[in-house]
Structure formats: structure tokens, C-alpha cells
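Worksheet: one structure, shown below.
The values are calculated or read from the model by the stated rules, or taken from the named source; none is laboratory data. Source: prediction; values computed, not measured. Don't worry about glycine lacking a Cβ; one is built from the backbone with ideal geometry, like all the others, and counts go over all protein chains shown. Accessible surface areas use protein heavy atoms only, side chains included; no ligands, DNA or RNA. Shrake-Rupley method; radii C 1.70, N 1.55, O 1.52, S 1.80 Å.
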Protein chains: 2
Amino acid sequence: MSDFNVYIEKIESALSRFVPEEKGELEDIPGMLLYSLEGGGKRVRPLLCMKFCECVGGKAEDALYFACAVEFVHTYSLIHDDLPCMDNDDIRRGKPSSHKKFGEANALLAGDALLTHAFGIISKAHSEVGTDAEKCVKAVGELSEFAGINGMIGGQFIDLKYENRQADGNVLFTMDALKTSKLFEAACVLGVIAGGGSADDIRRARSFALNLGIAFQITDDLLETNDDDNSDEANNKATYISVFGKKEAARLAEEYTENAVRELDGFAGRADDIKMLALSLLGRKK
Amino acid sequence: MSDFNVYIEKIESALSRFVPEEKGELEDIPGMLLYSLEGGGKRVRPLLCMKFCECVGGKAEDALYFACAVEFVHTYSLIHDDLPCMDNDDIRRGKPSSHKKFGEANALLAGDALLTHAFGIISKAHSEVGTDAEKCVKAVGELSEFAGINGMIGGQFIDLKYENRQADGNVLFTMDALKTSKLFEAACVLGVIAGGGSADDIRRARSFALNLGIAFQITDDLLETNDDDNSDEANNKATYISVFGKKEAARLAEEYTENAVRELDGFAGRADDIKMLALSLLGRKK
């Protein structure tokens, strides 16, 4: 993915820049946010955002602010997911999770801060680099929907609901379509908005992201990956393998991947990078 | 405050409307959000927002969406403040706090959801009632700043920092200027933005809110009020009384109140309602 490295460097540098420096009583705070932001994530969502912007005719840079906003939301969700009252994970990406490092209350606030500032970044796209106000307002609305109760947070509520009982296949699909796909959708759709894409482009981006998110989760189960937050097996939670069996889960992963890729064909060759990104993501190793 | 009741009714009804109805696996969620939103708050912030909009020449309704966004942020902050890792308060406004009612994880998510949807409401002001996109983008930026690490969340970080050591007067002022004044500022400034006020109007609104927030906190200490989240005395935390003594604290409350009211004089009689609201707030009984 050497081509992507140029983008990733821009993303990394912008992410840090969006955490304001603070002095006096507030000077410890930026470090707490940066600790989680710089935790070594793969930056899949901001990459998708910038690539979708290009794919509909914009410049990748036009989507940089929106891309970082989505990554702020993703990072806040990891901090809050790791909290003792949620998944109670002590390790995130090979280092102590935020609450192990800074204490539970500080981690709660760090997550709140990242979510709060995510929307501020979209506003800054207008005030700092002149992104059209209409686009920014639309991006705020979409990010709020995708991250809200009918999106990512909704998926987390369902996850909690099934903490002490086995989810069936339908629940798994519903939960992951919300918990995982919706933030991919946010990334892709915000990229299309930044690039000035059409309603058809948005429809394709949504469908791509929905399928990608499900394929991503099934693949996660198949790889029994230990990185990130996949401790379902240990928690005795339902997985695609426990519900469908390994063979059928593998077939489903393939089906959703094909569905995702098929949507990209609608972009007539301009989405080859995205296809490569999606396939590398789904073939990812532990 | 009978004049204000008309506004409060509009606010109450809009707040409920901004929590989307959900079905199926998500059907329990709106109730969790409404439980805290409908908890009987005084709606000071949304009232200030609508009144400041009027005061600079707009119609109160023009600020209704922004007003509700600020109240969503206020409500999320109360839910997260009450969590065991923060103030660990079991009671909020005379009923079980969110985490006592729904469990800690659900309360965490309910707070996250309210914060997320707050910004969505500002976007809806554009898509649903045609508020100018420029105003909405500006409102998103201001709300993010006032609620973020250099605002409300910053104040909460400082509060945590001084959990086990006594804050001095400077720290108290800094903390409350952030923790309390900044969300008043959000309310007032968003009202001025909605009403199309000038840079001078915004400056006055900011200064009014800063002084109001400090006066509010000192008055809280003086009343040793037990409602909302004031359990500082029990927690052995520094208060304006413990730091300055009762007599000096009373003088300070008066001074900050006068400063706040003086800023309103700049609005040449159009801020009489706001003055009444501020004075009733500062003279509030237990």
C-alpha cells in the first residue's frame, strides 16, 4: 500500500494538529487525546474518505478535515468501548488502554473531548480552508446520524443487550451493520460530499460501506484476530462462526466482499484504489 | 417567569421531537435519552439562547434548534458527571440518575448519543427549517469549542485534577469559567448567531455568560444547594466559602452578578427579559 503512505502521512499530521495545545491547568489534556489518536490505527476510515473524494472528482485534500473528523469519532468509540463498564479491555493496540493509562474518569473525558472536537473539525473545514458551508452542514448531519443511535451507538446498545444471551444471525447482522458499517459509511459518504459527488455516488458509497463493514466483521471472526477489540470468543459472545459454522461464515465473508466490490464497478475504474484498500483490509492478517 | 413558560413549552416539545423513534432492536434507546432530557431541568440555557436571538433582532423560534442542541450537550454532561467514575451520584433531580436506572454502560452510551445528536440538530436547522448554512457551521464550531477541552470538558478535567488536593481561588475561577460559564456562553452566542447579531453583540454575550457562570457557582455554594450535582461540601472539595469565607463569597457573587447585568445594558433595553432571567437564576432558592 505504498501509494497510501502519502495520504497516511497527511492524515497523521492533521490529526495531531486538530488537538489544540493547552497551557496552565489544561496542559495535560492534549497528551491524553494524542495518546489514543496516535495509537497506531490503520487509518482505514480517513483513507476511504479521501479516496472517495478523489473517486468522484475532488482532490484528496478536500476531504482531509472530514476524514480526520471520522477518525476522531472512531478513536473516541475505542476509548469508551474499552472502559470497565463496557468491554473492560486493558490493552489497545499493544499498549495500555486509555483508562489504564490515565484512569477511568480521564478516559471518559478524553473520549467525550474527541467526539466533541470531531464536529469542530468539520466547522474548521469551512473557516480554515474554505470548504463550502452547505457541504459542511451536510457532513455534520451525516456524521451525527452514522455515529448516533441509528448508527454506531445503536449497534453498541444492541451489543450490550445481548451481553448475557446469545444473539442469532439476524441480530449479528443488524448489530454489525450499525456498529461497524455505519462509521465506514460516514467515511465514504463524507468523502463523496467533499468531492461534490452525485446522489448516485452517495448511494453506491453507502452500499459499499454496508457490505464492507459486514465482511470486515466476519473476516475478524474467521481470523480470530486478537488485535483491536475482538475478545468476543473469550466473552462467550456469539460470532459468525458460532452461529453459522466456519464454512458458511467463510462463504458469507466472500459474498459480502463481492457485493462491496461490485458497487465500486459503478465508478468506472476510478475506484481501483478503493478496491485494493478493501481487499487488503479483508485479507488482513493477524 | 410566566412569560417564559411559552418558550419552555416550545423547548420541551422540540427536545422530545429531536430524539428519533426507533423500532426493533433499537426500541429501548429513545426512552433512555428522554429519561434524562425530561428530567425537569430549568431550561436556562435554551431560554438564554432564544432570548439572545430576540435581543439582537431575530425571532425566538429562529434559535430553537440551536437552543435544543445546547440542552442536549448540557444533559449529556450531567449523565456522564453522575457516573461512578466521576461524581458517583445516584440521584439527579429527585430521581435515580441514568446509570442507576439503566446501568452504567447504557448511561455512558446515552450520554454519547445526546452529544452526537446535539450537532445533528444544528445540521437539521438548515435542512428542516432553512437556517442559513453559514450560521449553522459557525454554531457547530462554537458549540464544539465551548463544550470541548478549552471549555466545559476542560473544566471537568481540572475538577478531577483537584479531586485529592485543595484548589485555591484562582483554580476555582478557572475551573468554573470553563465548566459552567462556557456552556452559558454557548447558549448566548448561538442565540446571537441565530439572530444575526454583530461582533459587538457576541462580545457582550460572552462577557455576560462568563460573569453569570461564576456568579451562578458562587451562589450555589452560598445556598449550599442540594439539587443538581452540588455535593462538593460532602466530597470535601474546595468551595468559594471554604476559600474566601462566607462574607467575601457573598460580595463576589454580587460583583459578578453586577458585571453580568452591566453587559446587558449594552443592548439598550432589549435585554430586560434576560436580566430578569439572570437575576431569578442567581436568587434561586434551594
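Taking the stated definitions as given, is B:GLU145 in a helix (DSSP H, G or I), modelled with pLDDT of 95 or more, surrounded by fewer than 24 Cβ atoms within 10 Å (Cβ to Cβ) and at the interface with another protein chain (Cβ under 9 Å from one of its Cβ atoms)? For B:GLU145, the condition - in a helix (DSSP H, G or I), modelled with pLDDT of 95 or more, surrounded by fewer than 24 Cβ atoms within 10 Å (Cβ to Cβ) and at the interface with another protein chain (Cβ under 9 Å from one of its Cβ atoms) - is met.
Going by what's in this entry, would A:VAL243 be described as open to solvent by less than 40 Å² (accessible area, probe 1.4 Å) and part of a helix (DSSP H, G or I)? Here the answer is no, as A:VAL243 does not meet what is asked.
Candidates in the stretch B:148-169 are the residues that are part of a loop (DSSP other than H, G, I, E, B) and among the small types (Gly, Ala, Ser); of these, the one that is farthest from the chain's Cα centre (by Cα) is B:ALA167. Just one of the listed residues (B:GLU61, B:GLU71, B:GLU54, B:GLU25) is in contact with a Ser or Thr (Cβ under 8 Å, 6 or more places away or on another chain) and in a helix (DSSP H, G or I), and it is B:GLU25. Checked against the criterion of being more than 15 Å from A:ALA118 (Cβ to Cβ) and facing chain A (nearest Cβ under 7 Å), the candidates B:ALA133, B:ALA107, B:ALA177, B:ALA167 yield just one match: B:ALA133. Reported count of residues in the stretch B:159-178, each being surrounded by 22 or more Cβ atoms within 10 Å (Cβ to Cβ) and within 14 Å of A:ALA105 (Cβ to Cβ), is 1.
If the condition is being facing another protein chain (nearest Cβ under 10 Å), out of contact with any Pro (no Cβ under 8 Å at 6 or more places or on another chain) and assigned to a helix (DSSP H, G or I), then the stretch B:28-37 contributes B:ILE29, B:MET32, B:LEU33. Looking across the stretch B:74-97, the residues that are assigned to a helix (DSSP H, G or I) and within 9 Å of chain A (Cβ to nearest Cβ) come down to B:TYR76, B:SER77, B:HIS80.
Inside the stretch A:98-136, residues that are open to solvent by 30 Å² or more (accessible area, probe 1.4 Å), small (Gly, Ala, Ser) and part of a helix (DSSP H, G or I) make up a count of 1. If a residue has to be surrounded by fewer than 16 Cβ atoms within 10 Å (Cβ to Cβ) and either touching a residue at least 12 places away in the same chain (Cβ under 8 Å) or under 17 Å from the mean Cα position of the chain (by Cα) (or both) to count, how many in the stretch B:256-274 make the cut? Of the residues in that region, 2 qualify. If you check A:LYS182 against the conditions, is it open to solvent by 30 Å² or more (accessible area, probe 1.4 Å), at the interface with chain B (Cβ under 9 Å from one of its Cβ atoms) and closer than 30 Å to B:ALA107 by Cα? When the stated conditions are applied, A:LYS182 does not pass them. Evaluating A:ALA147 against the criteria (1) closer than 30 Å to B:LYS135 by Cβ; (2) in contact with a Leu (Cβ under 6 Å, 6 or more places away or on another chain) leaves one unmet condition, (2). Among the criteria (1) at pLDDT 95 or above; (2) among the acidic types (Asp, Glu); (3) more than 23 Å from A:ALA67 (Cα to Cα), the one A:GLU254 does not fulfil is (1). Contact map, the stretch B:59-88: first residue of a type in the set (Lys, Arg), second residue surrounded by fewer than 21 Cβ atoms within 10 Å (Cβ to Cβ), Cβ cut-off under 8 Å, separation 6 or more or different chains; the map is empty.
Let's see how each residue does on (1) within 14 Å of another protein chain (Cβ to nearest Cβ); (2) open to solvent by less than 30 Å² (accessible area, probe 1.4 Å):
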site: B:ASN5; (1), (2): no, no
site: B:ILE8; (1), (2): no, no
site: B:ILE11; (1), (2): no, yes
site: B:GLU21; (1), (2): yes, no
site: B:LEU26; (1), (2): yes, yes
site: B:GLY39; (1), (2): no, yes
site: B:ARG43; (1), (2): no, yes
site: B:CYS53; (1), (2): no, yes
site: B:GLY57; (1), (2): no, no
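Can you report the number of residues in the stretch A:60-91 which are of a type outside the set (Val, Ile, Thr), within 21 Å of the chain's Cα centre (by Cα) and surrounded by fewer than 24 Cβ atoms within 10 Å (Cβ to Cβ)? Count: 14. Among the residues making up the stretch B:1-43, a single one is of a type in the set (Val, Ile, Thr) and without any contact (Cβ under 8 Å) to a residue 24 or more places away in the chain: B:VAL6. In the stretch B:116-130, of all residues being hydrophobic (A, V, I, L, M, F, W, C) and under 10 Å from A:VAL137 (Cα atoms), the one that is nearest to the other protein chains (Cβ to nearest Cβ) corresponds to B:PHE119. Each residue in the stretch B:191-214 was checked for being touching a residue at least 24 places away in the same chain (Cβ under 8 Å), part of a helix (DSSP H, G or I), over 14 Å from B:ILE274 (Cβ atoms) and not β-branched (Val, Ile, Thr), and 4 of them qualify.
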